[in-house]
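No lab work stands behind these numbers, since they all come straight from the coordinates. A quick note: this is a predicted structure, and the numbers were derived from the prediction, not measured. Glycine gets a Cβ as well: all are built from the backbone with ideal geometry, and neighbour counts include every protein chain shown.
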Amino acid sequence: MTGNTLKPILYFKQNCPFCFKVRLFLLEAGLNEDVEIREFVSGSQQENDIRAELSPHLDKVSFPAARFEPGRYIAESDDIVALLAAKAGREPASMPAFTNYVEGPLKLVMNLWKENIELKAAAA
């Protein structure tokens, strides 16, 4: 991702599995130097400040989020990875650590999360 003087800014919540997904892509693609990362702890003043910064630009503030250029914000891990991959000419499916995380631990976490919601609904 060369030729752009403004680095994309990525907003990561600490311990967020979707933020980790984007971070893993960055590491495996060798793109860490091409982005600015702003990470925060849930419930912190820094989170409040970041949410206030993002809220005018996103319908719903969620994490990860990214500002790719002034006025252009997105907040879905798949969209962020796709845009970074396209700019860098990289194919996420060819990255073994990234795909192993997406198809392994992340998929398991999502299945458990969905099961938890179903169990809570059944118990209500």
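Assorted remarks:
- Nearby aspartates and glutamates by direct alpha-carbon distance to Lys60 (threshold 14 angstrom, same-chain neighbours under 8 apart not counted): Glu76
- For region 104-114, the Karplus equation 6.51 cos²θ - 1.76 cosθ + 1.60, evaluated at θ = phi - 60°, returns couplings of x, x, 5, 4, 4, 4, 5, 5, 5, 4, 5 Hz by residue, with Gly and Pro reported as x.
- The angle separating the long axis of helix 17-29 from the principal Cα axis of greatest extent in the chain is about 30 degrees.
- Our summary gives the chain a relative contact order of 28 percent, counting only alpha carbon pairs under 8 angstrom and 6 or more residues apart.
- Using a Förster distance of 41 Å, the FRET efficiency for Leu6-Trp113 (Cβ separation, nearest 0.05): 0.70
- Potential lengthening between Asp49 and Ala97 on full extension [0.36 nm per residue; Cα-Cα distance subtracted]: 14.0 nm
- For Kirkwood radius over Cα pairs in Å, the value calculated from this model appears in (i) 15.6; (ii) 15.2; (iii) 16.7 under label (i).
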